[in-house]
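What follows is a set of notes on a single structure, which appears directly below.
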Amino acid sequence: MSALCKYCGQKYNDARTLLGNSCSKHPDGRGRHALFEGDTEGPFYCVHCGQKYGELRSLVSNSCTRNPDGRYHEPYDGDVAGDFTCKYCGRTYRDIRNMVANSCPKNPVRGGRHSPAR
Ligand SMILES: [Zn+2]
Ligand SMILES: [Zn+2]
Ligand SMILES: [Zn+2]
């Protein structure tokens, strides 16, 4: 089983090696890679804008206009096989892009959108 870093998308043969190496894209500036917990085969979706990528590496290195705390897309690491469920209101969507484009009445941020739960 290959392991991917959720920050930079780098691929390792095992999680141990991944967690032992430092990551150039760590959100704190420096730190080690963190394990991406979703399906390493992809496809990969951004939790903020729903954009789909075939490679995690491309997702995390492209800028996201909807990420409130960062510049890049952030990968959704839940199950991508079924419908996506909003973590605030529980509404389900088949298409993640459609989900994150709509505002959620239960989002604690006023006017915020639905966000996929894992
Ligand atoms: Zn990394
Ligand atoms: Zn995005
Ligand atoms: Zn919602």
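Residue pairs whose Cβ atoms lie under 7 Å apart, separated by 6 or more positions or on different chains, with the first residue in the stretch 29-47 and at positive phi and the second more than 16 Å from ligand 3 (Cβ to nearest atom) and hydrophobic (A, V, I, L, M, F, W, C), are 31/23; 42/56.
When residue 57 is tested against (1) away from ligand 3 (no atom under 16 Å from the Cβ); (2) open to solvent by 100 Å² or more (accessible area, probe 1.4 Å); (3) out of contact with any Gly (no Cβ under 9 Å at 6 or more places or on another chain), exactly one condition is not met: (3). Considering the stretch 27-52, the residues that are within 15 Å of ligand 1 (Cβ to nearest atom) and not in a loop (DSSP other than H, G, I, E, B) include one that is surrounded by the most Cβ atoms within 10 Å (Cβ to Cβ), namely 44. If you go through the stretch 1-56 and keep only what is under 17 Å from the mean Cα position of the chain (by Cα) and β-branched (Val, Ile, Thr), you end up with 40, 47. Would you point out the residue of the stretch 62-83, among those that are modelled with pLDDT of 95 or more and outside any loop (DSSP other than H, G, I, E, B), that is nearest to residue 10 (Cα to Cα)? Ranking the candidates gives 75 first. If you scan the stretch 1-22, which residues turn out to be in a loop (DSSP other than H, G, I, E, B), open to solvent by less than 40 Å² (accessible area, probe 1.4 Å) and within 30 Å of residue 113 (Cα to Cα)? Within the stretch 1-22, 8, 9 meet the criteria.
When restricted to residues that are within 16 Å of ligand 1 (Cβ to nearest atom), open to solvent by 70 Å² or more (accessible area, probe 1.4 Å) and in contact (Cβ under 8 Å) with a residue 12 or more places away in the chain, the stretch 67-91 contains 2. Applying a threshold of 6 Å to beta carbon distances and a minimum spacing of six or more residues, or different chains, the list of pairs starting in the stretch 98-118 at a residue that is in a helix (DSSP H, G or I) and ending at one that is hydroxyl-bearing (Ser, Thr, Tyr) reads 99/93. Take the conditions (1) more than 15 Å from ligand 1 (Cβ to nearest atom); (2) free of Cβ contacts under 8 Å to residues at least 60 places away in the same chain; residue 55 misses just one of them, which is (1).
The values are calculated or read from the model by the stated rules, or taken from the named source; none is laboratory data. Please read these numbers as outputs of a predicted model, since none were measured by experiment. Every residue, glycine as well, gets a Cβ built from its backbone with ideal geometry; the counts of neighbours run over all protein chains shown. Each accessible area value is taken on the protein alone, full model and side chains, heavy atoms only, with ligands, DNA and RNA left out. Shrake-Rupley method; radii C 1.70, N 1.55, O 1.52, S 1.80 Å.
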